[in-house]
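Have a look at the structure below, then the notes.
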Amino acid sequence: MKRLSVLGSTGSIGRATLDIVRRYPERFSVKGLAAGSNDELMTQQIEEFRPDVVALMDEDSAQRLKIRFRELEVLSGKEGLVRVATLEEVDFVLSAISGASGLVPTYEAVRAGKTIGLANKETLVMAGDLINREARAPIIPVDSEHSALFQCLQGHRAEDVRKLILTASGGPFRGMKKEQLKNVTGEDALRHPTWQMGRKITIDSATLMNKGLEVIEAHHLFGFKPEQIDVVIHHQSIVHSMVEFIDGSLIAQLSLPDMRGPIAYALSYPERLPEVLDRCSLSELGTLSFEEPDMETFSCLRLCYRALRMGGTAPTVVNAADEKAVEGFLEGFIGFNEIPVIIDEILSLHQPKEVQSIEDVLEADRWAREKFDELMEERV
Ligand SMILES: NC(=O)c1ccc[n+]([C@@H]2O[C@H](COP(=O)([O-])OP(=O)(O)OC[C@H]3O[C@@H](n4cnc5c(N)ncnc54)[C@H](OP(=O)(O)O)[C@@H]3O)[C@@H](O)[C@H]2O)c1
């Protein structure tokens with residue numbers, strides 16, 4: 001029986017994780033749950049999964065849970081999230097809080113020696129070197145592309161790998177040019193063609209920022225150089241990623257697009273759980289297509305390669321500037337095409353520093369957010 005804490009249990013990945021637990025109750029039990037403020041869904045999850053400890057970031061929402069579940073340990077704030085992430089009785093932490101807020105609890109889980117199922121890519125984008133230095137137990141990717149790479153790399157030597165090839169659906173605006181994207185709205189961008197995901201990652205998929213963050217994540221997970229990590233657009237989202245070997249062979253991982261696949265694999269690795277996904281019939285799917293990404297129109301991808309090469313705190317700055325820009329876009333005061341322009345401006349103002357500690361990362365995150373606010377103030 002694997003004992004889990006699920007960070008971000010009320011989100012898209014968190015709910016899919018609990019669905020796997022629901023289907024395989026003899027294999028998994030839930031000891032800790034954590035989320036932001038959704039105490040209604042958390043109430044249902046507590047009643048169904050009976051965790052020992054629960055935390056919500058938001059104090060008022062946590063207070064409502066405390067009144068409802070007087071016997072349960074209910075916590076709030078960052079300390080609460082960290083407590084759920086580091087519970088002694090837990091072996092496996094599924095990290096699926098969205099954005100930079102996932103960093104500290106995941107970092108503390110790593111330091112506590114937990115095996116991590118990592119959906120929160122921001123943890124590695126912001127603090128990859130630090131996390132790799134501290135990790136004593138495996139970090140198993142949950143992102144579908146990285147899960148695919150992880151699966152394709154099994155049994156192969158790093159020196160036999162020429163390239164990692166991440167696939168990208170291309171999002172709702174695939175094939176469009178800057179001029180056509182001038183007036184797209186948050187609602188347009190939230191209509192992802194193949195995946196059902198949280199709002200932030202859905203916008204990041206539309207700008208290709210998500211793919212850029214994934215390039216950085218892949219670098220830290222697998223240890224390959226930026227020039228060994230490529231991106232190809234594959235809009236059917238059936239091939240989740242591939243590895244190219246020095247002999248010219250490609251090994252790819254395919255399945256229908258359903259996050260329960262990579263989540264179940266991370267939870268059960270090195271075993272596989274039976275019948276997690278519907279079967280993938282290639283003859284019914286027909287054609288699978290692949291094309292080069294358009295880095296002129298979707299320049300967030302290029303910005304991530306640049307930040308990865310700059311190193312140190314540069315990826316943290318890109319990530320924080322993007323979180324602010326996406327919020328601004330969804331609130332309607334930033335245009336879609338402005339997202340990469342603003343991030344570029346902030347990255348260009350940044351003097352990257354080597355990351356020695358988590359404080360260095362948090363400081364760079366703060367700096368980028370403040371810079372964003374300053375730039376916005378200058379505009380009005
Ligand atoms: N969705 C996917 O298919 C997918 C695929 C690959 C990777 N990922 C990654 O997985 C992570 C989660 O994505 P998602 O799509 O599941 O996001 P989501 O649906 O927006 O869910 C986010 C979760 O994080 C919680 N949360 C947000 N802010 C928080 C804070 N400050 N403190 C504590 N909890 C907080 C939310 O709680 P409330 O509900 O209470 O606000 C919710 O449980 C992201 O890093 C994303 O890049 C997602």
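So the values come out like this:
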read-out: When residues of the stretch 2-34 are limited to those that are assigned to a loop (DSSP other than H, G, I, E, B) and under 24 Å from TYR107 (Cα atoms), the one farthest from the ligand (Cβ to nearest atom); value: SER9
read-out: Qualifying residue in the stretch 171-184 (condition: within 11 Å of the ligand (Cβ to nearest atom) and buried (at least 17 other Cβ atoms within 10 Å of the Cβ)); value: no
read-out: Residue within the stretch 35-52 that is part of a helix (DSSP H, G or I), more than 9 Å from the ligand (Cβ to nearest atom) and touching a residue at least 60 places away in the same chain (Cβ under 8 Å) present; value: no
read-out: Any hit, the stretch 330-342, residues being surrounded by fewer than 22 Cβ atoms within 10 Å (Cβ to Cβ), more than 23 Å from ARG174 (Cβ to Cβ) and touching a helix residue (DSSP H, G or I) at 6+ places or on another chain (Cβ under 6 Å); value: no
read-out: Residue list for the stretch 148-170, filter: farther than 20 Å from LEU288 by Cα and either within 16 Å of the ligand (Cβ to nearest atom) or part of a helix (DSSP H, G or I) (or both); value: PHE150, GLN151, LEU153, ALA158, GLU159, ASP160
read-out: Residue match in the stretch 85-105 (condition: surrounded by 21 or more Cβ atoms within 10 Å (Cβ to Cβ), assigned to a strand (DSSP E or B), aliphatic (A, V, I, L, M) and over 24 Å from the mean Cα position of the chain (by Cα)); value: no
read-out: Filter result (touching a residue at least 40 places away in the same chain (Cβ under 8 Å) and either outside the structural domain of LEU7 (by TED's automatic domain parsing) or within 15 Å of the ligand (Cβ to nearest atom) (or both)) within the stretch 119-132; value: ALA119, ASN120, LYS121, GLU122, LEU124, VAL125, MET126, ALA127, GLY128, ILE131
read-out: Residues (crowded, with 16+ Cβ neighbours inside 10 Å and among the charged types (D, E, K, R)) located in the stretch 200-229; value: LYS200, ASP204, LYS211, GLU214, GLU217
read-out: Count - residues of the stretch 107-118 that are within 14 Å of the ligand (Cβ to nearest atom) and in a loop (DSSP other than H, G, I, E, B); value: 0
read-out: Residue among VAL90, VAL104 that alone is outside the structural domain of PRO270 (by TED's automatic domain parsing), within 15 Å of the ligand (Cβ to nearest atom) and hydrophobic (A, V, I, L, M, F, W, C); value: VAL104
read-out: Close pairs (7 angstrom Cβ cut-off, 6 or more residues apart or separate chains): modelled with pLDDT of 95 or more in the stretch 137-149, of a type outside the set (Asp, Glu) and in a loop (DSSP other than H, G, I, E, B) anywhere; value: ALA137/GLY113; ALA137/LYS114; ILE140/TYR269; VAL142/ALA119; ASP143/ALA119; ASP143/LYS121; SER144/MET259
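Matching residues to (1) free of Cβ contacts under 8 Å to residues at least 12 places away in the same chain; (2) over 19 Å from the mean Cα position of the chain (by Cα); (3) in the same structural domain as LEU181 (by TED's automatic domain parsing):
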| position | (1), (2), (3) |
| --- | --- |
| VAL318 | no, no, no |
| GLU323 | no, no, no |
| GLY335 | no, yes, no |
| SER348 | yes, yes, no |
| ALA364 | no, yes, no |
| GLU370 | yes, yes, no |
| VAL380 | yes, yes, no |
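Results for (1) without any contact (Cβ under 8 Å) to a residue 60 or more places away in the chain; (2) within 15 Å of the ligand (Cβ to nearest atom); (3) within 24 Å of ILE140 (Cβ to Cβ); (4) assigned to a helix (DSSP H, G or I), shown as yes or no for each residue.
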residue: HIS192; (1), (2), (3), (4): yes, yes, no, no
residue: MET197; (1), (2), (3), (4): no, yes, yes, no
residue: ILE201; (1), (2), (3), (4): no, yes, yes, yes
residue: SER205; (1), (2), (3), (4): yes, yes, yes, yes
residue: LYS211; (1), (2), (3), (4): no, yes, yes, yes
residue: VAL215; (1), (2), (3), (4): no, yes, yes, yes
residue: ALA218; (1), (2), (3), (4): no, yes, yes, yes
residue: LEU221; (1), (2), (3), (4): no, yes, yes, yes
residue: GLU227; (1), (2), (3), (4): yes, no, no, yes
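The values are calculated or read from the model by the stated rules, or taken from the named source; none is laboratory data. Computed from a prediction, not measured in an experiment: that's the story for all the values here. Note: ideal-geometry Cβ built from the backbone for every residue, glycine included; neighbour counts use all protein chains shown.
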